[in-house]
C-alpha cells in the first residue's frame with residue numbers, strides 16, 4: 001500500500017473522531033472542519049515517519065493549531081459599542097451549559113480538558129501533545145475544573 | 001452523577017459529520033514544497049545578509065573630509081610622519097582627503113580571499129588640516145612601481161602627481177586632486193610608451209599649476225633626445241619648456257611663478273602662460289635654485305669646486321651661508337627672506353635668513369614609531385613651510401577586516417535570533 005493510500009485510509013477511519021475532538025476545541029462546526037483539514041494537510045509531509053502510529057502527531061497538530069488560532073483571532077477581534085441583534089439564548093440544558101462554559105475557558109485550559117477528560121490521555125501524554133510541562137497540565141486542569149464548577153456545572157466530576 | 005467524559009462525549013455528538021474531502025494529500029504535498037522553498041530562500045537570504053554584514057562593516061571610524069577652503073594659516077606640516085594603519089581604509093572608502101601636507105609610501109595590507117593577506121607598497125598622505133594619515137587609492141597605479149621621483153605633492157598640497165606604468169614601461173602621468181578626488185590623466189598622444197634618460201622624475205612648479213616631466217618626444221633612448229616638458233594640470237595641455245639636445249635632465253628648482261631649472265651656472269625661469277623665459281647666471285654650478293615668495297630673495301645650493309667638496313648654501317648674490325648642517329635640499333621659504341634647508345634624509349631642518357645669514361630656527365623631523373613601514377623620504381607641501389610645524393598624529397589602529405569582531409558578533413546574533421525563531425515556530429506549529 002502506498003503512503004497516500006495509507007493516509008487516505010487513516011483519514012476515512014479517523015476523521016469522525018477528529019471532528020468530535022475539534023468541535024470540543026472550537027465549539028463551531030465550520031472551525032472544527034477547518035481545523036481537522038489543516039491538521040491532516042500538515043501531517044502529510046511527516047506521514048512517512050508517523051504512518052505506524054499517526055494519532056498522537058495529528059492530535060498534537062490539532063490542539064496546538066486550535067490554541068494558535070485562538071491567539072491569532074484574539075488580536076483580530078473588533079470591539080463594537082453596538083449590541084448584536086441575535087438574542088442570547090438561555091441555557092436550555094446541560095449540553096448547552098457545558099458548551100458555553102468551555103467557550104469561556106482560555107484555549108490552553110480548554111485543550112487540557114478535552115485531551116484529559118474526553119480523549120482520556122494521561123497527564124504526560126497531554127503535556128506532550130500541548131508542548132507544556134506536566135505541572136502546567138495539572139494546574140491548568142485544576143483551574144479549568146474549578147471554573148467549570150463555578151459556571152454552574154456543579155454535577156461535573158472528573 | 002455523570003462524569004465530565006460522559007458530558008464531553010455527549011457534547012461531541014453535535015460535531016459535524018464532515019462534508020466531501022478535498023485532495024488532502026496533494027494539498028499537503030504542495031504546501032510542503034512551498035514552505036521548503038520559502039525556508040531555503042530565507043536561509044539563503046540570512047546567509048547572504050550575515051556574510052554581507054561580516055565583510056561589509058567599515059574597518060574604522062568614518063573620516064570627515066576636511067573642507068578645501070581651510071585658511072592657509074591653519075595648514076601645517078607634521079614633525080613626524082605617521083603611515084596609516086596597514087589595514088586602514090583608503091580614499092576609495094573615505095573620499096578625497098583634502099589638502100595634504102605630506103605624501104610618501106608605506107606597506108599596506110589587504111585581504112586576499114577569506115584568509116590570505118596581500119601586502120604592497122602604496123602611497124599615503126597626511127592631512128594638512130588635522131594631521132590624519134590616509135591611504136591614497138590612486139587610479140592606474142601599478143603595484144610597487146612608485147618610488148623616489150615618481151610620486152610628488154604640489155606645493156599647495158592640493159595635487160598628487162605620479163607616474164603611470166603599463167607593466168614596467170612608463171605610459172604617462174596622473175594628477176590626483178586631493179580636494180575633489182578627481183584624476184587628470186596626462187598622456188602623449190604620439191606614443192604609448194615614453195622613453196627618456198630621466199623619464200621617471202617629476203615635480204610640480206612653485207605655483208602648483210604645472211607638472212614638470214622629462215621624456216623623449218621621438219621615443220628615442222638617446223642621451224640627448226629627451227626634453228623638459230611641463231603639463232598644465234588645469235587644462236592637461238603639454239608645453240615644451242626646453243628643446244632637445246641637452247645631455248641630462250636639468251636640475252629642477254622652484255619659484256613662486258613659472259618653471260625653474262638650472263644647467264651649469266645658469267638658472268632659467270620659464271613662464272608657460274606667455275612662453276617667455278628669463279635666466280640668471282652665477283659663477284658656481286647650481287645644484288638647486290629657489291626664488292623667494294615675493295621674488296625679492298633667492299638662494300641656491302652650489303657644487304663644490306671639486307667633486308668631492310661639500311655642497312654649499314648660498315644667497316642669490318653668491319654669499320655663502322652657514323646653515324649648521326649639510327645643505328642637501330631647499331624645501332621652501334618661511335617668509336620672503338628665510339629659506340628652509342634640509343640635510344637628507346630630512347632629519348635636520350634649518351631656517352636661514354638669506355639677508356643676514358643667521359639661522360633663525362631649526363626643527364628636527366622625527367621618525368615615527370611605525371616608520372619602518374615608510375619606504376620613501378616624505379614629500380612635503382612646500383608652501384606650508386611658511387607655517388609652524390605641529391606634532392604628528394598617531395593614526396588609530398584598524399583591525400584586520402578578515403576578523404571583524406563587530407561583524408562576527410552581529411552575524412552570530414543574527415544566527416541566534418534566526419535559530420530561536422525557527423525553534424519557536426516549530427514549537428508553536430507542532
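Can you tell me which residues in region B:101-121 are touching a strand residue (DSSP E or B) at 6+ places or on another chain (Cβ under 8 Å) and farther than 15 Å from residue B:82 by Cβ? Walk me through how you get there before you give the answer.
Just the residues of region B:101-121 that are touching a strand residue (DSSP E or B) at 6+ places or on another chain (Cβ under 8 Å), to begin with: B:101-112, B:117-121.
Listed by number, the residues that qualify are B:109, B:110, B:111, B:112, B:117, B:118, B:119, B:120, B:121.
Of everything listed in (1) surrounded by 15 or more Cβ atoms within 10 Å (Cβ to Cβ); (2) closer than 30 Å to residue B:70 by Cα; (3) out of contact with any helix residue (DSSP H, G or I) (no Cβ under 7 Å at 6 or more places or on another chain), the single unmet condition for residue B:387 is (3). Within the option set B:106, B:83, B:88, being assigned to a strand (DSSP E or B) and either surrounded by 17 or more Cβ atoms within 10 Å (Cβ to Cβ) or free of Cβ contacts under 8 Å to residues at least 24 places away in the same chain (or both) holds for one residue only, B:106. Evaluate region B:143-155: report whether one residue or more is crowded, with 17+ Cβ neighbours inside 10 Å, in contact (Cβ under 8 Å) with a residue 24 or more places away in the chain and within 20 Å of residue B:93 (Cα to Cα). No. Within region A:113-122, identify whether any single residue is within 11 Å of chain B (Cβ to nearest Cβ), exposed (fewer than 15 other Cβ atoms within 10 Å of the Cβ) and free of Cβ contacts under 8 Å to residues at least 24 places away in the same chain, and answer yes or no. Within region A:113-122, one or more residues are within 11 Å of chain B (Cβ to nearest Cβ), exposed (fewer than 15 other Cβ atoms within 10 Å of the Cβ) and free of Cβ contacts under 8 Å to residues at least 24 places away in the same chain. When each of A:43, A:32, A:39 is tested for being more than 25 Å from residue A:3 (Cα to Cα), in contact with a helix residue (DSSP H, G or I) (Cβ under 8 Å, 6 or more places away or on another chain), surrounded by 18 or more Cβ atoms within 10 Å (Cβ to Cβ) and within 11 Å of another protein chain (Cβ to nearest Cβ), the lone residue that passes is A:32. Only one of the numbered conditions (1) under 30 Å from residue B:91 (Cβ atoms); (2) not in a loop (DSSP other than H, G, I, E, B) is not met by residue B:179, and that is (2). Counting only helices (runs of 4 or more DSSP H) that fall entirely inside region A:1-61 and contain at least 3 residues that are in the same structural domain as residue A:117 (by TED's automatic domain parsing) and closer than 16 Å to residue A:129 by Cβ, no element qualifies. From the list B:99, B:187, B:169, the lone residue that is over 13 Å from the mean Cα position of the chain (by Cα) and either at positive phi or at pLDDT 90 or above (or both) is B:187.
From the residues in region A:126-150 that are touching a residue at least 40 places away in the same chain (Cβ under 8 Å) and farther than 18 Å from residue A:65 by Cβ, which one is surrounded by the fewest Cβ atoms within 10 Å (Cβ to Cβ)? I'd like the intermediate steps shown before the answer.
Taking region A:126-150 first, the residues touching a residue at least 40 places away in the same chain (Cβ under 8 Å) are A:128-131, A:147-148.
Of the ones still in play, those that are also farther than 18 Å from residue A:65 by Cβ are A:147-148.
Numbers: A:147: 17, A:148: 23.
Among those that are touching a residue at least 40 places away in the same chain (Cβ under 8 Å) and farther than 18 Å from residue A:65 by Cβ, it is A:147.
Among the numbered conditions (1) within 14 Å of chain A (Cβ to nearest Cβ); (2) at pLDDT 85 or above, the only one that residue B:389 does not meet is (1).
Being crowded, with 18+ Cβ neighbours inside 10 Å, under 22 Å from residue B:393 (Cβ atoms) and over 15 Å from the mean Cα position of the chain (by Cα) is not true of residue B:130.
The values are calculated or read from the model by the stated rules, or taken from the named source; none is laboratory data. Nothing here was measured: the structure is a model prediction, and the numbers come from that model. Neighbour counts are summed over all protein chains in view; Cβ atoms, including those assigned to glycine, are modelled from backbone coordinates with ideal geometry.
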